[in-house]
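The values are calculated or read from the model by the stated rules, or taken from the named source; none is laboratory data. The structure presented is a predicted model; accordingly, all values stated were derived computationally and were not measured. Cβ: placed from backbone, ideal geometry, glycine included. Neighbour counts: every protein chain shown. In case anyone asks, the SASA skips ligands and DNA or RNA and just uses the protein heavy atoms, side chains included. Shrake-Rupley method; radii C 1.70, N 1.55, O 1.52, S 1.80 Å.
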Amino acid sequence: MTRDWLAGQDLPHRLAVGFSGGADSTALLLALAQHGHQVVAWHVDHGWGERSADIADVLQRRVASWGIEFHRARLSAPSGKNREAEARKGRFGQFSKWASSQKINTLCLAHHRNDQAETVLMRLLQGAGPAGCCGMRYQREHDSFFVIRPLLQVARREMVEILRDAGVDWHEDASNKDTSLLRNRIRHRLFPTVQAVGSDPVALFLRWQVQAVLLQQRLNDKADAVRVDSQNGVAVV
């Protein structure tokens, strides 16, 4: 682990990482530890596979070998129509409990450039306007802790390359290939199709994200001007 993805970022000394064991969260966990942070790995087992508890055991031993604190919880497998949303709600509920009990106020998540581009396209396909297409924020507040995504400018390919160069293994979650989920259909079907016609889908939808942010800011400025003029008793058309 040699590339410093965290340079210039003002992060607290003690913080947590949402750790699935995949390449993304593994790279983030080790980068933070290398950067001198006191890192805690939070692993939520959603019970999606028969071997999920065994996988959690492997991850716990792996993280312990790096000298990093590890916490795990197993939740009931989501069964509703929107499994991703249900799993996310359960996962963040557990994160809130850990944040309170461990007195940690910052959780880092390993979303990266590719994830951001997928999110923008997913929201476009769901009919979102500029606000929805602004993508994931670098920082937001959730209950009593902050959620930070330090790697939004890093390509997943770069993470994989640096882990391979360092001889670090990771776990590939089988659910990442489940094309009944919209994000996976975008990742495994739509993006390769865009690539096949000569466009870089990640760069393409990140450009739209930038435009969405600018457009939303202009809409917000116009709305603020309307409110000010209304308070002053001036009619605005």
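Mind telling me which of the residues ALA23, ALA27, ALA77, ALA56 ends up being in contact with a Gly (Cβ under 7 Å, 6 or more places away or on another chain), surrounded by 15 or more Cβ atoms within 10 Å (Cβ to Cβ) and among the small types (Gly, Ala, Ser)?
Unique residue meeting the criteria: ALA77.
When the residues of the range 40-52 are filtered to those that are in contact with a Gly (Cβ under 8 Å, 6 or more places away or on another chain) and among the hydrophobic types (A, V, I, L, M, F, W, C), which remaining residue is most open to solvent (accessible area, probe 1.4 Å)?
Restricting attention to the range 40-52, the residues satisfying the condition of being in contact with a Gly (Cβ under 8 Å, 6 or more places away or on another chain) are 42-44, 46.
If we keep only those that are among the hydrophobic types (A, V, I, L, M, F, W, C) too, we end up with 42, 44.
Details: TRP42: 3, VAL44: 19 Å².
That would be VAL44.
Could you tell me how many of the residues in the range 99-139 are over 25 Å from ALA16 (Cα atoms) and among the basic types (Lys, Arg)?
Looking only at that region, the number is 1.
Can you tell me which residue among ASP24, ASP10 is of a type in the set (D, E, K, R), within 22 Å of HIS112 (Cβ to Cβ) and part of a loop (DSSP other than H, G, I, E, B)?
Result of the check over ASP24, ASP10: ASP10.
Name, by its number, the condition in (1) under 19 Å from PRO150 (Cα atoms); (2) crowded, with 17+ Cβ neighbours inside 10 Å that does not hold for ASN105.
(2)
Being among the hydrophobic types (A, V, I, L, M, F, W, C) and in contact with a helix residue (DSSP H, G or I) (Cβ under 6 Å, 6 or more places away or on another chain) is the filter here, so list the residues in the range 7-27 that pass it.
Of everything in the range 7-27, those that are among the hydrophobic types (A, V, I, L, M, F, W, C) and in contact with a helix residue (DSSP H, G or I) (Cβ under 6 Å, 6 or more places away or on another chain) turn out to be VAL17, PHE19, ALA23, ALA27.
Working carefully through the options LEU59, LEU124, find the one that is among the aliphatic types (A, V, I, L, M) and under 30 Å from ASP4 (Cβ atoms). Show your work before the answer.
Numbers: LEU124 fails: under 30 Å from ASP4 (Cβ atoms).
Being among the aliphatic types (A, V, I, L, M) and under 30 Å from ASP4 (Cβ atoms) holds for just one of LEU59, LEU124, which is LEU59.
Based on this model, can you work out whether ARG88 counts as surrounded by fewer than 18 Cβ atoms within 10 Å (Cβ to Cβ) and closer than 19 Å to LEU109 by Cα?
The answer is yes for ARG88.
Among the residues of the range 181-237, count how many are within 29 Å of HIS112 (Cα to Cα), outside any helix (DSSP H, G or I) and either at pLDDT 90 or above or of a type outside the set (A, V, I, L, M) (or both).
4
I'd like to check something: does the range 171-180 contain any residue that is on the phi < 0 side of the Ramachandran plot, open to solvent by 80 Å² or more (accessible area, probe 1.4 Å) and modelled with pLDDT of 95 or more?
no
Does any residue in the range 80-92 that is at pLDDT 85 or above come within less than 6 Å, Cβ to Cβ, of a residue that is open to solvent by less than 70 Å² (accessible area, probe 1.4 Å) six or more places away or on a different chain, and which pairs are these?
Taking only residues 6 or more apart or on different chains, the pairs are GLU86/PRO78; GLU86/GLY80; ALA87/HIS46; ALA87/PRO78; GLY90/LEU75; ARG91/VAL44.
Of the residues that sit in the range 158-169 and are more than 17 Å from the chain's Cα centre (by Cα) and at negative phi, which one is most open to solvent (accessible area, probe 1.4 Å)?
The residue in question is ARG164.
Based on what the data block shows, is VAL147 within 22 Å of HIS35 (Cα to Cα) and among the aliphatic types (A, V, I, L, M)?
Yes, satisfied.
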